[in-house]
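S.K.: Quick one: structure below, then a few questions.
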Amino acid sequence: MPWTPVSMGFLRNSAGVKMTTELNSQTADLASLLRQIGAGDRTAFSRFYGLTAPRVCALAEHLISNPEKSREIVKDAYLLVWNEAEDYRPSSGSPLAWLTKLVHRLAVNHLRSCGLERSIPHHTELLPMVYLGGLTYREIADRLGVPVGAVKLRIREALDRLGTGNSGPAPG
């Protein structure tokens, strides 16, 4: 019977029966490769990449419409695999689930930063709101409809760009 891939890792035959044996085998192979990668095995990393890259690339391209950015996310995800493979725990899910969670987290962070770039004014507008207008971070966030953390981050970046670092207590 012919086998066809279905939705992120489930295989079914033409009668629709899940092929859990192959999935369990692949999960065990990937978990073994992650242990080897955690020990610095480059060959294991290459094999892990070969087995997972088609799904990871497809996921990144699905989440991020910009091909260059999706490739960057894939690159960053595999860099995390190399650096964090020893931290993988089977109890936290299959290796493929762990990897797709990394990709998803990177993609969401990218989308958030892009959204914040468009929704938060440039530092030339924010700094006067804080230091001349006397507004707190919360008041600025409420006015702009963005998270307080995003306002804090943007102001910190602005101060760093200006070379002032920590110039005193942060407003509320």
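Throughout, read-outs are computed from the coordinates displayed, never taken from laboratory work. Please read these numbers as outputs of a predicted model, since none were measured by experiment. Backbone-built Cβ (ideal geometry, glycine too); neighbour counts: all protein chains shown.
S.K.: How do 28-36, 85-93, 144-152 rank on mean C-beta neighbours within 10 Å, highest first?
M.R.: 28-36, 144-152, 85-93
S.K.: Modelled label-to-label distance, HIS104 and ARG138, 7 Å Cα→beta-carbon offset: nm?
M.R.: About 3.3 nm separates the two model spin labels.
S.K.: Let me make sure I get this right: for the range 120-162, a, b and c are the square roots of the gyration tensor eigenvalues over alpha carbons, sorted descending. Under 1.5 in a/c it's rounded, otherwise prolate if a/b > b/c, else oblate. Which is it?
M.R.: Since a/c reaches 1.5 but b/c is at least a/b, the shape of the range 120-162 is classed as oblate.
S.K.: Could you check the spin-label model distance between TRP82 and ALA58? Points 7 Å from the Cα along Cα→Cβ, value in nm.
M.R.: Calculated label separation equals 2.6 nm.
S.K.: Just add up the charged neighbours of GLY133: K/R +1, D/E -1, any other residue whose Cβ is under 11 Å from the Cβ of GLY133. Display every interim value, and only then the final one.
M.R.: Values: positive: ARG143; negative: GLU125, GLU139.
Counting the neighbours of GLY133, the net charge comes to -1.
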